[in-house]
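**Q** What follows is a single structure, and I will ask about it in a moment.
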Amino acid sequence: MNIITVKDAQEGGQKAFNIFKEALAADAKVFGLATGSTPITLYNALTASDLDFSQKISINLDEYVGLAPDNPQSYHYFMQQHLFNQKPFKTSYVPNGLAKDADAETQRYDDIIAANPIDLQILGIGRNGHIGFNEPGSPLNGKTHKVPLTQSTIDANARFFDNEEDVPRFAYSMGIGSIMTAKHILLMAYGENKADAIQKMVEGPVTNHVPASALQNHNHVTVIVDEAAASKLS
Ligand code: F6R
């Protein structure tokens, strides 16, 4: 793993932007994208730039089951707000939260990934080492699947919904195996609350108790961390 330590998320976003630029110069066609707070500085740098994605493809990691793309809590909506409205791609794939048949939807998504091999995959990391919605215990070779959300995620999301029963109970997520097919993986992490996960991901054993540790087995991983997230690395 190539670890780049930066001052803060702002500088991290700029470094990640440079990696995007290099990927485009090397004719990358397919970009794997993530939601969450971590990639926002990267997306801001992309939207402020003159880079053109109109002939490129994006594939997002995950989506809540049951949410329509125009639901402000959906990951689809997040991507529209933070990137796609300003920088449209030729085609942007996000799992369909309204799909009637979960098996058909996960198969459809795996077929999309197989037909469009990911050149550069963006990742954040959870405090517990999760990537995508692959929580501790997920198989390290898994494909796209429907995941039950943990009670703590359901509780944390409840404030965004009028009724507790509207909070999604499941999500679709690319599996760790799907993520590992990307040619280059760029994981970013900022803040002290990510320091344990980063230490275990980089220096701990490869184990499904820390899903991100699987990245040790990938031959092209770049990690951008601020000093706080890097603080437990030896
Ligand atoms: C989001 C995703 C998640 C986040 C992770 C970190 O699409 O797949 O794994 O990357 O939960 O979230 P933030 O960036 O909000 O700390």
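**Q** Mind counting the residues in the stretch 1-20 that are in contact with a helix residue (DSSP H, G or I) (Cβ under 7 Å, 6 or more places away or on another chain), without any contact (Cβ under 8 Å) to a residue 40 or more places away in the chain and either more than 16 Å from the ligand (Cβ to nearest atom) or among the charged types (D, E, K, R) (or both)?
**A** Number of matching residues: 2.
**Q** Still on this model: Just for the stretch 177-234: of the residues that are of a type in the set (Lys, Arg) and within 20 Å of ASN134 (Cα to Cα), which one is surrounded by the fewest Cβ atoms within 10 Å (Cβ to Cβ)?
**A** Result: LYS183.
**Q** Cβ contacts < 7 Å: first residue at negative phi, restricted to the stretch 21-47; second residue crowded, with 17+ Cβ neighbours inside 10 Å and acidic (Asp, Glu), any location; separation 6+ or different chain. Result?
**A** ALA23/ASP119; ALA28/ASP119; LYS29/ASP119; VAL30/ASP119; PHE31/ASP119
**Q** I'm told GLN107 meets every condition in (1) surrounded by 18 or more Cβ atoms within 10 Å (Cβ to Cβ); (2) of a type in the set (S, T, N, Q); (3) assigned to a helix (DSSP H, G or I) except one. Can you identify the failing condition by its number?
**A** (1)
**Q** Would it be correct to say that ILE113 is at pLDDT 95 or above, in a helix (DSSP H, G or I), within 14 Å of the ligand (Cβ to nearest atom) and surrounded by 16 or more Cβ atoms within 10 Å (Cβ to Cβ)? Explain how you work it out, then say what you get.
**A** Values: at pLDDT 95 or above: yes; in a helix (DSSP H, G or I): yes; within 14 Å of the ligand (Cβ to nearest atom): no; surrounded by 16 or more Cβ atoms within 10 Å (Cβ to Cβ): yes.
No; evaluated as a whole, the condition is false for this residue.
**Q** For the stretch 116-139, what are the residues that are within 10 Å of the ligand (Cβ to nearest atom) and of a type in the set (D, E, K, R)?
**A** Correct list: ARG127, GLU135.
**Q** With the requirement that a residue be at pLDDT 95 or above and either surrounded by 24 or more Cβ atoms within 10 Å (Cβ to Cβ) or closer than 22 Å to VAL225 by Cβ (or both), what does the stretch 116-129 give you?
**A** Result: ILE118, LEU120, GLN121, ILE122, LEU123, GLY124, ILE125, GLY129.
**Q** Having 1 or more residues that are farther than 30 Å from GLN107 by Cα, in contact (Cβ under 8 Å) with a residue 24 or more places away in the chain and over 16 Å from the mean Cα position of the chain (by Cα) is the bar; report the helices (runs of 4 or more DSSP H) wholly within the stretch 118-234 that clear it.
**A** 195-203
The values are calculated or read from the model by the stated rules, or taken from the named source; none is laboratory data. What you are looking at is a predicted structure, and each value in this text was computed from that prediction instead of being measured. Using ideal geometry, Cβ is built from the backbone for each residue, glycine included, and neighbour counts are taken over all protein chains shown.
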